[in-house]
Structure formats: C-alpha cells, structure tokens
Amino acid sequence: LSVGGIAVDGITNTNESVIDSEQIIIANSSKVVVLADHSKLGRHAMCQVAALGDIDLLITDEHPDSAATVADLRQTGLAVMTVEVSRNEGEAR
C-alpha cells in the first residue's frame, strides 16, 4: 500500500475513494507492507485507513528529518526497513 501519512496512531490517505478498497485489501492480506517516503512519516492525511497494528512492514527511505519518527514507529513494534537513496540520482540503492 501507499499512504498519505503514517504515524504511531496508524496510516491515513488523502483520497477518500480508495479508503474502502485499502481496508478490504488489508483485511484479506496475510502480510501488509506500506511503502512511504520520509515525507509521509509522522504525518496525518485526511482519512484514517488502518491502525499501525494492522501493518506488518514499513519500507521507507533514510532521511535525517525522519529518524526520530522511524524510531517512534519501531518502538511500537512495527518492522521498518530503510533504504538508502542517492540524492543526486533519485534512485534507491
């Protein structure tokens, strides 16, 4: 899933029309992975999608501005995978 925001109280999205389908996907999945760049961490979008406990893994980029939020998310028990991004090329390594 992609999200509009992810924080310790859950994931949110900006598009109200996808909330129902995302909730159905989460309910019927054996593993839920969220892909969100650092700009989504610690943010809240308009619509609540799911609690953090419904997520198995967050994949995000390493960024100094989001280090504290990543630590907070890990503190909840969420598995977080960070990837290094080349700032010059914009490609994950």
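A 1.4 Å probe, protein heavy atoms only, puts the accessible area of SER17 near 90 Å². D by Stokes-Einstein for the stretch 13-54, Kirkwood Rh over Cα pairs, 37 °C, 0.692 mPa s: 291 µm²/s.
For the peptides 66-73, 1-8, residues were scored by their other Cβ atoms within 10 Å and the scores averaged per peptide; the highest-first order is 1-8, 66-73. Hydrodynamic analysis of the chain uses the Kirkwood radius over alpha carbon pairs. Inserted into Stokes-Einstein at 20 °C and 1.002 mPa s, it gives a translational diffusion coefficient of 160 µm²/s.
The values are calculated or read from the model by the stated rules, or taken from the named source; none is laboratory data. Fair warning: this is a prediction, and the values are worked out from it, not measured in the lab. When we count neighbours, we look across all protein chains shown, and the Cβ atoms used for this are built from the backbone with ideal geometry, even at glycine. We work out accessible area using only protein heavy atoms, side chains counted, and drop any ligands, DNA or RNA first. Shrake-Rupley method; radii C 1.70, N 1.55, O 1.52, S 1.80 Å.
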